[in-house]
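The values are calculated or read from the model by the stated rules, or taken from the named source; none is laboratory data. What you see is a predicted model; the values in this text were computed from it and never measured. All Cβ positions, even for glycine, are placed from backbone atoms using ideal geometry, and neighbour counts span all protein chains on display. Heavy atoms of the whole protein, side chains included, go into the accessibility calculation; ligands, DNA and RNA do not. Shrake-Rupley method; radii C 1.70, N 1.55, O 1.52, S 1.80 Å.
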Amino acid sequence: MNQIRRESIGKYIQEKGAVTVKEVSALFPDVSLMTIHRDLEKLEDEGLIVRTRGGAMPASQSNGTEAKLETRMQSNVRAKRQMAKKALTLIDEGSAVFFDAGTSNMALVQALPDIDLNIFTTGPNIAMELSRLTNPTIHMCGGTLNRSNQAVSGVTTISMLEDINIATAFIGVSGYTPEGGFTCGKEEEMLVKRLVMRKAARKVILMDSSKYGKILPYTFGNVEDADYIISDGELPEEFVRRADQVGVLVM
């Protein structure tokens, strides 16, 4: 019921363009105002809306792509830092590491120590963040830029990744359902993620609980395809059990 209500709220905001909390609350008279605020917070965490003083608007109507990225970076900050701390324990000095685009990987590279690594990334903003370090060698994949999430993809990206060996890959997800697996919104990005999942010796999925139950058009893998899943500690017990059954460690 919660998910259905949030989807209705999200659709209403997309259609109206900008709404007040009072307007949203009027749609669900049997639901407390506190619950409505939590629903709006969840929708913002998922990057669908931007909360304003006393209301909300679609993320697509905020101050362009940069504002949307900034909003996503500012959501779930504590959880992302906790996930980054866990992920750091899986990085071996001197190895080849892949960092996917996305805010979870951005939090990870912001916490990365200045050690010897061969780093490959599809995120231009992640490459720029890594440039503060002196010891890693940073390889920026070429390709076509998706401005909304600062990810590159396409034939050039695939060609480069086909020719490298990856020890550990940190891969972000946009959504997960038991039926659909790990999903993302662009076919080209799905092909990149699927290739990395195949090439990497150790696959690490970065997925906080806000992604659970959300499905996007393109599936690039499922629980059994990963080696580790790093979360905010709030994934459903049924998900953790499934991972345990197939030998995947949820951290």
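Brief remarks follow.
- Selection within region 176-189 - open to solvent by 10 Å² or more (accessible area, probe 1.4 Å) and either touching a helix residue (DSSP H, G or I) at 6+ places or on another chain (Cβ under 8 Å) or not small (Gly, Ala, Ser) (or both): THR177, PRO178, GLU179, LYS186, GLU187, GLU188, GLU189
So that you can scan it fast, the table gives a plain yes or no per residue for (1) of a type in the set (Ser, Thr, Tyr); (2) free of Cβ contacts under 8 Å to residues at least 60 places away in the same chain:
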site: ARG147; (1), (2): no, no
site: GLY181; (1), (2): no, yes
site: GLY185; (1), (2): no, yes
site: MET190; (1), (2): no, yes
site: ALA200; (1), (2): no, no
site: TYR212; (1), (2): yes, yes
site: PRO217; (1), (2): no, yes
site: PHE220; (1), (2): no, yes
site: ASP227; (1), (2): no, yes
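- Among the residues here, LEU27 qualifies as open to solvent by 60 Å² or more (accessible area, probe 1.4 Å) and more than 24 Å from GLY175 (Cβ to Cβ).
- Check on SER104, of a type in the set (S, T, N, Q) and modelled with pLDDT of 90 or more: yes
- Region 190-228 - residue that is under 12 Å from the mean Cα position of the chain (by Cα) and of a type in the set (S, T, N, Q) and, of those, surrounded by the fewest Cβ atoms within 10 Å (Cβ to Cβ): SER209
- Elements of type helices (runs of 4 or more DSSP H) contained in region 6-87, each with 1 or more residues being on the phi < 0 side of the Ramachandran plot, among the basic types (Lys, Arg) and at pLDDT 80 or above: 21-27, 33-45
- Leading residue by the ranking (nearest to GLU44 (Cα to Cα)) among those in region 104-125 that are touching a residue at least 60 places away in the same chain (Cβ under 8 Å) and part of a helix (DSSP H, G or I): SER104
- Among the residues of region 231-245, not a single one is touching a helix residue (DSSP H, G or I) at 6+ places or on another chain (Cβ under 6 Å), in a strand (DSSP E or B) and hydrophobic (A, V, I, L, M, F, W, C).
- Yes/no for MET160 being open to solvent by less than 50 Å² (accessible area, probe 1.4 Å) and among the aliphatic types (A, V, I, L, M): no
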